[in-house]
1. Can you tell me which condition VAL216 does not meet? The list is (1) in a strand (DSSP E or B); (2) within 17 Å of LYS172 (Cα to Cα); (3) within 26 Å of the chain's Cα centre (by Cα), and all the others hold.
2. Given the criteria of a type outside the set (S, T, N, Q), in a helix (DSSP H, G or I) and touching a helix residue (DSSP H, G or I) at 6+ places or on another chain (Cβ under 8 Å), does ALA168 qualify?
3. Filter segment 271-282 for residues that are farther than 14 Å from ILE12 by Cα and over 10 Å from the mean Cα position of the chain (by Cα) and give the result.
4. Quick one: in segment 111-145, of everything that is within 27 Å of ILE98 (Cα to Cα) and hydrophobic (A, V, I, L, M, F, W, C), which residue is farthest from the chain's Cα centre (by Cα)?
5. Under 7 Å between Cβ atoms, at least 6 apart or on separate chains: pull out the pairs that start in segment 64-76 with a residue that is outside the structural domain of GLY132 (by TED's automatic domain parsing) and without any contact (Cβ under 8 Å) to a residue 12 or more places away in the chain and end on any residue that is part of a helix (DSSP H, G or I) and hydroxyl-bearing (Ser, Thr, Tyr).
6. Just a yes or no: is a residue in segment 194-206 surrounded by 16 or more Cβ atoms within 10 Å (Cβ to Cβ) and of a type in the set (D, E, K, R)?
Amino acid sequence: MNEQLEHVKCLIIGSGPAGYTAAIYAARADLKPVLYQGLQPGGQLTITTEVENYPGYPKGTMGPEMMEDFKAQAERFGTDIRFGYATSVDFGGPVHKIVVDENKTILADTVIISTGASAKWLGLPSEQKLNGYGVSACAVCDGFFFRGQTVAIVGAGDTAAEEATYLAKLCKQVYMIVRRDEMRASKAMQHRVLNTPNIEVLWSHETKEILGEKTVEGVLLLDHKTGQEKRLDITGFFVAIGHQPNSGIFKGWLDMDETGYLKTTPGTSKTNVAGVFAAGDVADKYYRQAVTAAGTGCMAALDAERYLAEKGIH
């Protein structure tokens, strides 16, 4: 097979709020960006229903529609948006090599990585069926829709503990489902959970099935201590067992933490490889919001523009 080669000034890998915002800024700076949308065009927001916390949408908007708006704005300024996903990279030389769909090689003067992260799921068919209909992997995004209701959250780390206390402010009752008889969360976070009156921790419980046809109506649990199954009536089910950054292809080239999040120089989007920048959830395990991802997308494009100017690449 003949290898196809193409040289671009700015390549953006990934298409959520970070990628599209980087594209808007890069295109306006005349970097003629090429953006590959990846396996999930629009990123995690395309599996979200309503978004109410993004500034500028006073009535709220649907996640997929919002990403279409971002995409249209990036295209309006001349971004070349393409289907396809990066399958391997070589950051060993002065020009960066990226292979797309295993058959096309792109040489890029600058690369902006906005490949995002994927929520880890329990792997239940009912979980996927009801995702967006009462099942969510983001309490901060979706908790508001369950005001005054009874919900469950599964997880035992700091994020789960933090999200449980967040939900407790909005919901009548929160069940926290913990698989073992202890939590991984820090002592301070555990203390907050255990001292919140409307959170009940169900130790040594495992989720067997989420119940409901069109929306969540309950959850079936297995109590490991008694071996008994029991049903809880709930209207919302939150999964907080962690996120996996989509950074596998950059292993060996870019510095990352033990879980795979890309490391950047604090206050910038710069990675350890000159001319390669990271934005959005692939480099952010703390905030993981559309608005923070968009902010770092802007930073990455500005960093790329300065890098090209310093190198005298026009």
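The values are calculated or read from the model by the stated rules, or taken from the named source; none is laboratory data. All figures in this text were calculated on a predicted structure; none of them were measured in a lab. When we count neighbours, we look across all protein chains shown, and the Cβ atoms used for this are built from the backbone with ideal geometry, even at glycine.
1. Condition not satisfied by VAL216: (1).
2. On the way: of a type outside the set (S, T, N, Q): yes; in a helix (DSSP H, G or I): yes; touching a helix residue (DSSP H, G or I) at 6+ places or on another chain (Cβ under 8 Å): no.
In short, no.
3. Of all residues in segment 271-282, those farther than 14 Å from ILE12 by Cα come to 271-274, 281.
If the condition is that a residue be farther than 14 Å from ILE12 by Cα and over 10 Å from the mean Cα position of the chain (by Cα), then THR271, ASN272, VAL273, ALA274 are the ones that fit.
4. Taking the candidates together, the pick is VAL111.
5. Taking only residues 6 or more apart or on different chains, not a single pair turns up.
6. yes
Condition check ((1) outside any helix (DSSP H, G or I); (2) in contact with a Ser or Thr (Cβ under 7 Å, 6 or more places away or on another chain); (3) under 30 Å from THR21 (Cα atoms)) across all residues:
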site: THR105; (1), (2), (3): yes, no, yes
site: VAL111; (1), (2), (3): yes, no, yes
site: THR115; (1), (2), (3): yes, yes, yes
site: GLU127; (1), (2), (3): no, no, no
site: ALA152; (1), (2), (3): yes, no, no
site: ALA185; (1), (2), (3): yes, no, no
site: ALA188; (1), (2), (3): no, no, no
